[in-house]
Amino acid sequence: MKLNLKRIATKSITISSLVLAGFGSAYAADAQCDKLQQQKALIHAAHGYCFKDEDAKKKYGNSDCHTKKPKFSGPEAKRLAQIEEKEKELNCPKKDL
């Protein structure tokens with residue numbers, strides 16, 4: 001039985017490329033989710049939000065927090081809605097601020 005090494009190598013590279021492409025898109029989605037989460041946290045921090053999430057507490061602090069229900073301007077509320085819609089689209093993990 002004669003093996004066609006070129007054909008096997010080509011299939012192997014194609015499969016590897018597909019697997020890596022899947023991982024690449026997963027990493028890209030994770031990076032997008034992180035960026036969206038940071039944008040959302042920054043808007044909340046600007047309004048004195050008291051963070052529950054330990055990472056957010058470290059990054060934005062809670063020393064001057066004064067509310068768990070900040071009031072947002074129209075454009076801020078619109079941006080937060082866009083962020084939440086994009087998070088759903090990307091299937092980002094739910095993370096409490």
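The values are calculated or read from the model by the stated rules, or taken from the named source; none is laboratory data. Owing to the predicted nature of the structure, the values given are computational and were not obtained by experimental measurement. Glycine also receives a Cβ, built like all others from the backbone with ideal geometry; neighbour counts cover every protein chain displayed. Accessible surface is based on the protein model in full, side chains and every heavy atom, while ligands, DNA and RNA are left aside. Shrake-Rupley method; radii C 1.70, N 1.55, O 1.52, S 1.80 Å.
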Mind giving me the nanometre distance, one decimal, between the label points for K71 and E85, set 7 Å out from Cα along Cα→Cβ?
2.6
For a quick check of your reading of the filter: which chymotrypsin sites (Phe, Trp or Tyr not before Pro) in segment 43-85 sit in a DSSP loop and have no more than 16 other Cβ atoms within 10 Å?
F72
Carbon and sulfur atoms: what percent of the 1.4 Å accessible area of segment 39-97 do they account for?
51
Kirkwood Rh over alpha-carbon pairs of segment 50-94, then Stokes-Einstein at 25 °C and 0.890 mPa s: what D in µm² s⁻¹, rounded to an integer?
200
Counting only the backbone N, which residues of segment 43-63 are under 18 Å from the spot 7 Å out from the Cα of K35 toward its beta-carbon?
43
Neighbours of F51 by Cβ distance under 14 Å: Lys/Arg at +1, Asp/Glu at -1, summed charge +3
